[in-house]
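Readers should treat all values here as calculations from the given coordinates under stated rules, not as data from a laboratory. These numbers come from a predicted model, not from an experiment. As a convention, Cβ positions derive from the backbone with ideal geometry for all residues, glycine included, and neighbour counts pool all protein chains shown.
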Amino acid sequence: MRQIIPQIWVYVLLLSPLVSKAQFDQTDFNGEAISLRSETTVLLAGQKEYSFDEIRNNPNLEFVPLSSLKENLGFSNDHYWMTFSLENRSSKFKQYYLETARPITDIVNLYLVDGNGKVEQQYSGDKMPFASKTIQHRKSIFDIGLEPNQKIQGYIHLKSDGEVVMLPMRLYPETNFFVLTYKEQVFYGFFYGILILACLIYLFFFFALKDKAFVYYALYVLFIALMQFSLDGFFHQYLTPQGGWLSNRAVLLTAFVSLFFFGRYGDTFLGLKKNSPLLHKTNKFFGFAIMVGVAALALSPSFEYCYPLANAIGILVLLHMIASIVVMKLKKIKVDPYFIIGISFLVLGFIVFILNNFNTIPNSFFTDNGAKFGIGLEIVFLSISMINRIRDLRMENEQNQMLALQRAEDMNEIKSSFLSNISHELRTPLNLIMGVATSLQENKEKENLEEKCKMLLSSSKNLLGYIEDILDFTEIEKGDQDLKEVSFNLKSTLSKVINLQEKKAKAKGLDFNTSISSAIPTQIVGDKGKLVQILNHTLDNAIKFTNQGSVAIDIDCKKDNDRAILSFTIKDTGIGISKEKMSTIYESFTKKSFRDKREFSGLGLGLYIVKTYVDLQKGTVNLKNNANQGTICELSLGFEIDEDQALASEKSTTAPSDITMETGNILYVEDNKMNQTVVKLLFKKNWGNAKLTIANHGKEALEIMKEKHFDLILMDLQMPEMDGFETTSIIRNGEADCDPQIPIIVLTADNTSQTRKKIFELGANDLVTKPVNGPLLFAKMSKNAPTKKISNVA
């Protein structure tokens, strides 16, 4: 026989003469709880902060039925007051628990007034230390005990910091409340246990496989778990029981960070950087927006606007993920189907969650826990997807290991062939040198002496070339190669290389065609030796592998401010390169084949050295087969144009006797006596009217400038006592007894790009390299002189 619980009268005080009453029996509890919303009224107080006495004693306040409002009021930081009344008409004491608001609501206080006017106050909310709550529970729970025939009036005050405000009014019998709490503990323990386990597993996979997708997913799972942990009130209960800054911002911080890692995970898993650069950039923009949100949250004392911002960004990130999957499908790029299913469940769960936050769908158990259902199903299917990714990575690693093993075997064979080849290549010129030397020793009559000397010289050059290649290779393998950038004459250098290679081509009966653009600069700054090696190796190969026909080199130039981009195109009508060899053509120890029965000579290091030196200069090299016959090699290298030498060339047509210098004071700072003498003679012979003063180092120059005014300074760099760098810095900082803007022209033998950059950063006006070119120095002085003290004679 079913036990009938005592009757409880529940009614709402409307602060008017009318009183509504409702009678409930056990069936109304439906096994767990009963909602008091229909019997409760609410005051929408806005930003007005009423005291309890003001609420209790002011009959003019306008309370409205709570049932006229949705349980979810959306994002709000307003004050709300609710009032209700309860009556126990039985002869027994009854214990009940009242649940209202969300666990993360800042302030939730209950005031109970009995028939004698005595007020009992209870506290809850996550703004206060957890231990200070009247009922130490993660939710906003209040303890209501009713004596027999007792009637009480209840008032609830709540306020949030801008999060979603929900106003449930659930009344639980004591036994039912504890049963419900136990069920929730099992559910949440299972849910959070799965998330933490998934996080740890994927972190292990990351450390094992070094795939960033795993660490991004692990961190996403961790922070999405922490976000749910915050929403459910556990963060405040276990991690920040004293409340404070982190407790107040926990939901938003974990939401922002989880969105960031979710975006990074999707980007990495789908390979957006490679497969869709536009979507990759969009994802980076969302990441930046999230960081801005985190910064605003951390720095701003009021952050209620961050709640809708986080939800809006969440929707955009989910839409971006959907768009990325669609684009991958349209491009026919394979996407794991379990990944799509997992993301679909996640999107569905979060759409329900976010729409519920924006108060566009009604509140229910499903909408309250939509994100948890979505995350749970997502974990299942994305875990399957990750397993597939692990399988693919394992297969890829196995293939790479097989390729590496095959490559190691090939390299062993190649190196063995290389040693055999180098032995032959070095012995050939050595045998010839020794044979010719023996012939000269035995033949006293010196017949065919010139021809034998040519043979000795040619073999010696071949031997020297092989040795240099081996030394270059050794230097490259050790990582010791660097650029020795100096100013050199490009046209002269190209002319020497082309003349040498043309002779080789003619000796083999090949046509050698040359086309050089008139736009190439005369003087550039770069590594002359490496440029010569690059051109010699590529032209040597073209001639070596061409038995008939022609070899052609085309040199073009594009100028970009003070830089010249040189393009070299070398074509031949030779044997070409097989597809099998094209992929390894730039590797060491390779040539057409080591099994070619010695058809072609050489060590097989040429193109390896070329590729290394081109990469060192941040250029490009591309080798491909000609559509008709032979091979095309395309090189592109950038160099700094040496404007000093170009200017000197322009002035070189002006004879020294045509140059004059009016009276002016020039200070020359130089420690080398020979250089001092050269500049003295230059001034005495051509510019006798100028007054030249010499200082032996920077410190002496600063002392001289205390006593004498100068119009221009010629500055050496490497000097004792005080070098040119420090002296220039002191002058430009206004610490010397002269005009800080006095023109300074650096005279130095060091013309590297690092030195040029440094002296111009210090404030030097110009630079002239030693040995000093008279017309160039005049041009620089004329360009930088503050007054017209330097001129050409008409």
Quiz item: Among Ile152, Ile713, Ile577, which comes first, then next, by fewest other beta-carbon atoms within 10 Å?
Solution: Ile577, Ile152, Ile713
Exercise. Could you tell me the convex hull volume per residue, in Å³, taken over the Cα atoms of the range 733-778?
Key: 84
Exercise. Could you order peptides 767-774, 297-304 by the average number of other Cβ atoms within 10 Å of their residues, highest first?
Key: 767-774, 297-304
Practice problem: Any chance you could run the full-extension gain for Asp392 through Thr522? It's 0.36 nm times the residue separation minus the Cα-Cα distance, nm to one decimal. | Solution: 41.2 nm
Exercise. Measure off 7 Å from each Cα along the Cα-to-Cβ vector at Ser91 and Tyr188, then give the distance between these two points in nanometres to one decimal.
Key: 4.1
Practice problem: List, in order, the whole-Hz ³J(HN,Hα) value for each residue of the range 139-152 obtained from phi through the Karplus relation with A = 6.51, B = -1.76, C = 1.60 and θ = phi - 60°; use x for Gly and Pro. | Solution: 8, 8, 10, 10, 9, 10, x, 10, 6, x, 6, 8, 10, 10
Quiz item: Using only Cα atoms, what is the ratio of the radius of gyration of the range 106-263 to 2.2 N^0.38 Å?
Solution: 1.32
Quiz item: Between Phe373 and Lys332, how many nm apart are label points set 7 Å from Cα along the C-beta direction?
Solution: 3.9
Quiz item: Sorted by mean Cβ packing within 10 Å, highest first, what order do the peptides 557-567, 528-538 take?
Solution: 528-538, 557-567
Practice problem: At 0.36 nm per residue, minus the direct Cα-Cα distance, what do Glu721 and Lys70 gain on full extension? Give it in nm, one decimal, please. | Solution: 225.9 nm
Quiz prompt | Highest average packing first - 278-285, 346-353, Cβ atoms within 10 Å | solution = 346-353, 278-285
Quiz item: In debye to the nearest 20, how big a dipole does the range 217-294 give about its Cα centre with +1 on each Lys and Arg Cβ and -1 on each Asp and Glu Cβ?
Solution: 380
